[in-house]
Every structure is written in C-alpha cells, then in structure tokens.
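Colleague: Here it is, the structure, as structure tokens.
Nothing in this text is a laboratory measurement; each read-out follows from the coordinates by a stated rule. Model, not experiment: these values are computed from the prediction. Glycine also receives a Cβ, built like all others from the backbone with ideal geometry; neighbour counts cover every protein chain displayed.
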Amino acid sequence: MQLNTHLKLDQTLNGTLKELKDGYAKISLQTTSIMIADEEGLVHGGFIFSAADFTAMAAVNAPYVVLAKSETKFLAPVKVGEVVSFEGTISQKDGNRATVDVIASVNNKVVFKGIFFTAVLKKHVLS
C-alpha cells in the first residue's frame, strides 16, 4: 500500500512510516538532540504529538485528510535517544470523518494514547 498524504513531512521530526494497511499505520520516531526540552534529555511533547498526528493521518491515508480534534494523554516521559513506536487504527468511520486511536510506546511501555478525529476534504484546506 502506498502513502497518499503528508508526503512532504520531515521524517526525522515526524517519524518514519514502517507499515501501512487499510485503516492502520505504524510509525517509528527516533528521538534526537534537536527534540530536547531540558538538560535532563526530556523530549518535548510536541514531537510526540506530531508523530502521533502523522500516524493518524497515515491510517486514514487520504490526500486531503485533516485533524479536526484530538484527545490525548501523555502517560510517561520520553528521553532523547529512545525510539518511539506509534500504531494508529481507525476505530470509527462515518462518511468523510474517521476516528483514529493512536498508541505510542517505548520498549513496550505505553507513553502516549490519543484519539484523533479527522475529516477528509474534497480539496486542499488552503485551496
């Protein structure tokens, strides 16, 4: 299956697509020093959210999919150097709307959970 959305994202900041099926995506994010929030090596949550959002968009995999709303929980910190694995699965679909459940883990420990509410538009949001 081919990725049809978010094709210009920088994979070093948003994660690398590892698996793609109908209604499912798996993304891997290698955390790096550019993501550090403090002297202890905490990765800023914005990078985790961004990769989770990309996972949801890839699970929907429509050219003009956008995020309408999300409900997220950061469950554990991520330290620079760790690899975060994201899995997104469409849990509900209604017309042009889809709800995607995303779970992120580091070494099988869940660090993030989110529900992403998406909409597929007929044309680009900036058109």
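Colleague: With the convex hull built on the Cα atoms of the chain, state its orientation-averaged projected area in nm².
Modeller: On the way: hull surface 30.7 nm².
Mean projected area of the Cα convex hull: 7.7 nm².
Colleague: Continuing with the same structure: Calculated from DSSP H runs of 4 or more alone, at -39500 (n - 2.57) each and per residue, what is the 222 nm mean residue ellipticity of the chain, nearest 500? Present the calculation step by step, with values, prior to reporting the outcome.
Modeller: On the way: 2 runs with 20 residues, N = 127.
It comes out at -4500 deg cm²/dmol, rounded to the nearest 500.
Colleague: Taking the Cα centre of the range 11-120 as origin, sum charge times position over the Cβ atoms of Lys and Arg (+1) and Asp and Glu (-1), and report the length of that vector in debye to the nearest 20. Walk me through the numbers on the way to the answer.
Modeller: Values: 10 positive and 11 negative charges, 57 e Å.
Dipole size: approximately 280 debye.
Colleague: Relative contact order for the range 1-76 using alpha-carbon pairs under 8 Å, separation at least 6, rounded to a whole percent? All intermediate terms of the calculation are to be shown ahead of the outcome.
Modeller: Details: 86 pairs, mean separation 27.4, N = 76.
Relative contact order comes out at 36 percent.
Colleague: What are the ³J(HN,Hα) couplings of the range 21-35, residue after residue, when phi is run through the Karplus curve with 6.51, -1.76, 1.60 and θ = phi - 60°? Round to Hz, x for glycine and proline.
Modeller: Ordered by residue, 3J(HN,Hα) equals 9, 4, x, 8, 9, 10, 10, 10, 10, 7, 6, 9, 4, 5, 9 Hz.
Colleague: Do you know the relative contact order of the chain, to the nearest whole percent, from alpha carbon pairs under 8 angstrom that are 6+ apart? The partial results should precede the final answer.
Modeller: Working: 291 pairs, mean separation 33.6, N = 127.
Answer for the chain is 26 percent.
Colleague: For each pair in Lys69/Lys122; Lys21/Lys79; Lys26/Lys73, compute the distance between the two Cα atoms and list the pairs where it is over 25 Å. Intermediate results must be reported in sequence, preceding the final value.
Modeller: Numbers: Lys69/Lys122 19 Å; Lys21/Lys79 29 Å; Lys26/Lys73 19 Å.
In this structure, Lys21/Lys79 lie more than 25 Å apart at Cα.
Colleague: Moving to a separate point now. Can you run phi through the Karplus equation (6.51, -1.76, 1.60; θ = phi - 60°) for the range 59-74 and list ³J(HN,Hα) in whole Hz, with x for Gly and Pro?
Modeller: 4, 6, 6, 10, x, 10, 7, 10, 8, 9, 6, 8, 10, 10, 9, 8
Colleague: Based on the mean of other Cβ atoms within 10 Å per residue, sort peptides 56-65, 43-52, 115-124, 84-93 so the most packed one is first.
Modeller: On the way: 56-65: 21.9, 43-52: 20.1, 115-124: 15.1, 84-93: 18.6.
Result, highest mean Cβ count within 10 Å first: 56-65, 43-52, 84-93, 115-124.
Colleague: Name the long-range amide H neighbours of Val78: under 5 Å, sequence gap of 5 or more, or other chain; modelled H, no Pro or chain starts.
Modeller: Sorted by chain and number, the residues that satisfy this are Val43.
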